[in-house]
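Reviewing the structure listed below.
The values are calculated or read from the model by the stated rules, or taken from the named source; none is laboratory data. Keep in mind that what you see is a predicted model, and the values were worked out from it rather than measured. Neighbour counts are summed over all protein chains in view; Cβ atoms, including those assigned to glycine, are modelled from backbone coordinates with ideal geometry. For the accessible areas, the whole protein counts, side chains as well, though only heavy atoms, and no ligand, DNA or RNA atoms are used. Shrake-Rupley method; radii C 1.70, N 1.55, O 1.52, S 1.80 Å.
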Amino acid sequence: MSLPSNLHPDEASPPWLNKGDNSWQLTAATLVGLQSVPGLVILYGSIVKKKWAVNSAFMALYAFAAVLICWVGWGYRMSFGDKFIPFLGMPNVSLDAQYLIDRAFLGYLPNATMIYFQFVFAAITLILIAGALLGRMNFLAWMLFVPLWVTFSYTITAYSIWCPGGWLAKRGLIDYSGGYVIHLSSGVAGFTAAYWVGPRTTRDRERFPPNNILLMLAGAGLLWMGWTGFNGGDPYTVSTDASLAVLNTHVCTATSLLTWLILDYIFFGKPSVVGATQGMITGLVCITPAAGVVQGWAAILMGMMSGSIPWYTMMVLHKKVWFLKQVDDTMAVFHTHAVAGSLGGILTGVFAVPKFNRLFYMVTDWQHYIGLFYGFHDGRTTAGFRQLGVQLVGILFVVFVHATMTSIICLLISLVVPLRLSEEELQTGDDAIHGEEAYALWGDGERYESKHNSVYKENARPPSTKGDDDCFKTFWGNLLSRPR
């Protein structure tokens, strides 16, 4: 049977290219990109105090752009290229035209698609780190931090875990879509960087209300829906496993949100919108390393645990552990990403189904990947414990790499520019840093000054036309003449 004319191979569509896979991969990558821009840009800009809205949103936007240049310049080949050292690829550019149209290391895709897809993952990792630093980091220091961290920290774990030649990949670590590479990494790095940068002002730490909860929910919604591409794109093919990953993602997330909401209701008496958003995020993070390799019932159990264990570490443990109290983690990325990511990695080692691992990894020795639960069920307890052990080793490796490299990077930057804003800038916020403000509205106890009044003496009313005065008098005349 002959193929339709539009599926015939040609110079632009070589025999190895799968047009359906390539279309989905580009779509999935764009969904992940939308999680950052505008998703986290909106979420960060609205979940902080009004005076930090512009700075917080712009930290995310800058990171997205800066990571892309680093990624195509050298980062992609360091993460997925030829071996340089045991845990890192050879630095090289990824912009050669012939290289971009050649087949990628996995899937039926060109390198250009794979570079784009992996870029949006690298970018969101840096943006998640920014969440721990909102409200006090020197923007120039952030401009230096982003390229240094993606070059010398992110690439190490990406190569070790995701590249087929990476040492943890060879040992069978299961990280379906970034529970380790993205979320545990950003949680550890964000917490570490927050330690070195220092805290917000005392006033901001005591009271830091969102300036727009409705916009915050819009950003959170983009984050949630964008996760369809985040987890659904990682098989690099339009497969049944991709569909399983997408459904598991949303089931776990909904369960986690509801669990967090119920706990807030039980212990605080009110259903917190911000709390529900945190529960949504922990569910998304927890299912990520396991999305396409666990059963639906396991996704629900993972959602219940991701909605309760990070809730406990954030609401209870954080207030009791001295060291946690010393670090000002603005968006609590340690709990929502490091704790939830570690939890997801461990539970992956418990619930991973051998058959689903075969669908995902497409390897002959697919029984190598087996969760502890199925190890007991199939009489292969040694293999199950081995898988759980590999998952734990992966957690320790990621924590060590990013705590160490983030500390070194922060210390080096501090030799050039201060990591923290000056006290005057901390008091003023956006206007002092960028010369711009988010809203021309009252807020944060600040006096409203219109752009018209600002050119006159303080509290002076600018001259108006006769028509304006007539309207003014008519308004007050009508108001005063109203019957008491």
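Remark: pairs (first residue in region 421-436, over 11 Å from residue 52 (Cα atoms) and open to solvent by less than 60 Å² (accessible area, probe 1.4 Å); second residue at pLDDT 95 or above and not in a helix (DSSP H, G or I); Cβ separation under 6 Å; 6+ apart in sequence or on different chains) = 421/136; 421/138.
Evaluate region 196-204: report whether one residue or more is among the polar types (S, T, N, Q), touching a residue at least 60 places away in the same chain (Cβ under 8 Å) and under 23 Å from residue 124 (Cβ atoms). No - not one qualifying residue is present in region 196-204. Scanning region 161-173 for residues that are in a loop (DSSP other than H, G, I, E, B) and out of contact with any Gly (no Cβ under 7 Å at 6 or more places or on another chain) returns 162, 164, 165, 166, 171, 172. Evaluation of residue 99 against the conditions (1) touching a residue at least 24 places away in the same chain (Cβ under 8 Å); (2) in a helix (DSSP H, G or I) shows that the sole unmet condition is (1).
Given the condition farther than 12 Å from residue 307 by Cα, open to solvent by 10 Å² or more (accessible area, probe 1.4 Å) and either modelled with pLDDT of 95 or more or β-branched (Val, Ile, Thr) (or both), answer yes or no: does some residue in region 253-261 qualify?
Checked region 253-261: no residue is farther than 12 Å from residue 307 by Cα, open to solvent by 10 Å² or more (accessible area, probe 1.4 Å) and either modelled with pLDDT of 95 or more or β-branched (Val, Ile, Thr) (or both).
Among residues of region 141-158 being within 17 Å of the chain's Cα centre (by Cα) and under 10 Å from residue 405 (Cα atoms), the one that is surrounded by the most Cβ atoms within 10 Å (Cβ to Cβ) is 154. For region 164-186, a residue qualifies if it is open to solvent by 10 Å² or more (accessible area, probe 1.4 Å) and closer than 18 Å to residue 345 by Cα, and the qualifying residues are 167, 169, 170, 171. Residues satisfying the criterion are absent from region 342-364 (criterion: surrounded by 24 or more Cβ atoms within 10 Å (Cβ to Cβ), of a type in the set (Ser, Thr, Tyr), over 30 Å from residue 48 (Cα atoms) and modelled with pLDDT under 95). Return the residue satisfying two criteria in turn: it lies in region 202-229 and is part of a helix (DSSP H, G or I) and among the polar types (S, T, N, Q), and of such residues it is farthest from the chain's Cα centre (by Cα). Filtering first and then ranking leaves 202.
Checked against the criterion of being among the hydroxyl-bearing types (Ser, Thr, Tyr), open to solvent by less than 70 Å² (accessible area, probe 1.4 Å) and either in a loop (DSSP other than H, G, I, E, B) or at pLDDT 50 or above (or both), region 462-471 contains one or more residues that satisfy it.
Matching residues to (1) out of contact with any Ser or Thr (no Cβ under 9 Å at 6 or more places or on another chain); (2) closer than 18 Å to residue 314 by Cβ; (3) not small (Gly, Ala, Ser):
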residue	(1), (2), (3)
170	yes, no, yes
174	no, no, yes
185	no, no, no
195	no, yes, yes
200	no, yes, yes
206	yes, yes, yes
221	yes, no, no
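Figure legend. Inter-residue proximity from region 273-293: first residues closer than 24 Å to residue 242 by Cα and free of Cβ contacts under 8 Å to residues at least 12 places away in the same chain, second residues among the aliphatic types (A, V, I, L, M) and crowded, with 24+ Cβ neighbours inside 10 Å, beta-carbon distance below 9 Å, spacing 6+ or different chains. No pairs are indicated. A Cβ distance below 6 Å, combined with a sequence gap of six or more or placement on separate chains, defines the contacts here; from region 242-253, residues that are closer than 16 Å to residue 357 by Cα reach residues that are open to solvent by 10 Å² or more (accessible area, probe 1.4 Å) in the pairs 242/235; 246/228.
Could we say that residue 337 is open to solvent by less than 50 Å² (accessible area, probe 1.4 Å) and either at pLDDT 95 or above or among the hydroxyl-bearing types (Ser, Thr, Tyr) (or both) here? So residue 337 passes the test. Every test in (1) within 18 Å of the chain's Cα centre (by Cα); (2) open to solvent by 30 Å² or more (accessible area, probe 1.4 Å) is passed by residue 32 save one, and that test is (2).
Against the conditions (1) touching a residue at least 40 places away in the same chain (Cβ under 8 Å); (2) crowded, with 22+ Cβ neighbours inside 10 Å; (3) not basic (Lys, Arg), residue 392 satisfies every one except (2).
From the list 264, 241, 329, the one residue that fits, being within 21 Å of residue 209 (Cα to Cα) and surrounded by fewer than 24 Cβ atoms within 10 Å (Cβ to Cβ), is 264.
Determine if region 315-325 includes at least one residue that is free of Cβ contacts under 8 Å to residues at least 60 places away in the same chain and buried (at least 24 other Cβ atoms within 10 Å of the Cβ). So far as region 315-325 goes, no, none of its residues is free of Cβ contacts under 8 Å to residues at least 60 places away in the same chain and buried (at least 24 other Cβ atoms within 10 Å of the Cβ). Flag: residue 132 matches the condition of being over 30 Å from residue 387 (Cβ atoms) and buried (at least 24 other Cβ atoms within 10 Å of the Cβ).
If we scan region 279-292, do we find a residue that is β-branched (Val, Ile, Thr) and open to solvent by 30 Å² or more (accessible area, probe 1.4 Å)? No: region 279-292 contains no residue that is β-branched (Val, Ile, Thr) and open to solvent by 30 Å² or more (accessible area, probe 1.4 Å). Scanning region 38-79 for residues that are open to solvent by less than 10 Å² (accessible area, probe 1.4 Å) and free of Cβ contacts under 8 Å to residues at least 60 places away in the same chain yields one hit, 76.
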